[in-house]
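Contents: one structure, followed by commentary.
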Amino acid sequence: MLNNYKHTNYKNTKISYTDAGKGTAVVLLHGFLENSTMWNYLAPVVAQKNRVICIDLLGHGQTDSLGYVHTMEDMADAVHQVLSELKIRKAVFVGHSMGGYVALAFAELYPEFMKGLVLLNSTSRADSDERITNRTRAIKAVKQNYVAAVRMSIANLFSEENREKLIEQIEWVRNEALQTPLQGIIAAQEGMKLRKDREVLLHFAPYPIMLILGKKDPVLNYEDNLEQIEGTNVKLITFNDGHMSHLENQAELEKVMVGFLKS
């Protein structure tokens, strides 16, 4: 419904995005192996009272790859190019997983654009050594058997009980993920390995921040993630499921987002 793509150029690379609705600008940034179609449920709800911009990040969806490493800063600069094109001066940013890392990089590079920030199944912290090792392993696996590696990594994002319940949704996410080119996958993994710790933003940002976590998130440990918001004004929302709150907790997420944007 919102997938009427527009395009701009950043460093001779085509960046694709959608733009719908009127009001406060809300920028939705998808996660790794996703694209702006991940917002197909949430975007129309938010667009009833806001202007919603969904951006395909570098090497994902309809956006081309820029190189062999896509840093979070590269992705943030591409987002900035879209907002400049649309003459948007301030926006609320919502980032799912990797999209949250990009939103944090954007917040550091372009603080004057920030009206609010929602980190959805995401973290402000850099990768641990173990996580970096896992990414290196994942890069190797996807080079050896692209389809098998992508299919397996998608199922692992949902809580165990939802892997049975949400078979259709999981298959849809897989099909979208399988459209991500190999270069886009590797460049994003390399970029995430390099990303900085940006926890300081959660402590000193002058705009409202909300962190949404899944208690059974197989990717981001729930307890570890609570530590980063101790002593901050970050509003915490906890769902009882996995890493894919937009599908596992669809109705609750819509309600929470509408409430946050109202306030």
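When residues of segment 132-160 are filtered for being open to solvent by 40 Å² or more (accessible area, probe 1.4 Å), outside any helix (DSSP H, G or I) and under 19 Å from ASN240 (Cβ atoms), how many remain?
1
Scan segment 246-256 residue by residue and report those that are more than 11 Å from MET210 (Cα to Cα), out of contact with any Gly (no Cβ under 6 Å at 6 or more places or on another chain) and in contact (Cβ under 8 Å) with a residue 24 or more places away in the chain.
Passing the criteria: HIS246, LEU247, ASN249, GLN250, LEU253, GLU254.
Could you tell me which residue of segment 103-131 is farthest from GLY242 (Cα to Cα), considering only residues that are among the hydroxyl-bearing types (Ser, Thr, Tyr) and open to solvent by less than 20 Å² (accessible area, probe 1.4 Å)?
Filtering first and then ranking leaves SER124.
Residue check: is ARG163 surrounded by fewer than 19 Cβ atoms within 10 Å (Cβ to Cβ), basic (Lys, Arg), part of a helix (DSSP H, G or I) and in contact (Cβ under 8 Å) with a residue 12 or more places away in the chain?
Considered against the rule, which asks whether it is surrounded by fewer than 19 Cβ atoms within 10 Å (Cβ to Cβ), basic (Lys, Arg), part of a helix (DSSP H, G or I) and in contact (Cβ under 8 Å) with a residue 12 or more places away in the chain, ARG163 comes out as no.
Can you name every residue in segment 187-226 that is of a type in the set (Gly, Ala, Ser) and either open to solvent by less than 10 Å² (accessible area, probe 1.4 Å) or modelled with pLDDT under 95 (or both)?
ALA187, ALA188, GLY191, GLY214, listed by residue number.
Are any of the residues in segment 69-84 outside any helix (DSSP H, G or I) and surrounded by fewer than 24 Cβ atoms within 10 Å (Cβ to Cβ)?
Yes; the residues of segment 69-84 include at least one that is outside any helix (DSSP H, G or I) and surrounded by fewer than 24 Cβ atoms within 10 Å (Cβ to Cβ).
Tell me which residues, restricted to segment 205-245, are in a loop (DSSP other than H, G, I, E, B) and either of a type in the set (Val, Ile, Thr) or touching a Cys at 6+ places or on another chain (Cβ under 6 Å) (or both).
VAL219, ILE229, THR232, VAL234
Checking GLY100 against (1) assigned to a helix (DSSP H, G or I); (2) in contact with a helix residue (DSSP H, G or I) (Cβ under 9 Å, 6 or more places away or on another chain); (3) open to solvent by less than 20 Å² (accessible area, probe 1.4 Å): exactly one of these is not met. Which one?
Unmet for GLY100, out of (1) assigned to a helix (DSSP H, G or I); (2) in contact with a helix residue (DSSP H, G or I) (Cβ under 9 Å, 6 or more places away or on another chain); (3) open to solvent by less than 20 Å² (accessible area, probe 1.4 Å): (2).
Could you check, for segment 48-58, whether at least one of its residues is part of a loop (DSSP other than H, G, I, E, B) and open to solvent by 20 Å² or more (accessible area, probe 1.4 Å)?
The answer is yes, given that some residue of segment 48-58 is part of a loop (DSSP other than H, G, I, E, B) and open to solvent by 20 Å² or more (accessible area, probe 1.4 Å).
The values are calculated or read from the model by the stated rules, or taken from the named source; none is laboratory data. Predicted model, so just to flag it, every value in this text is computed and none were measured. Cβ coordinates were reconstructed from backbone atoms using ideal geometry, including for glycine residues, and neighbour counts include every protein chain displayed. Accessible surface is based on the protein model in full, side chains and every heavy atom, while ligands, DNA and RNA are left aside. Shrake-Rupley method; radii C 1.70, N 1.55, O 1.52, S 1.80 Å.
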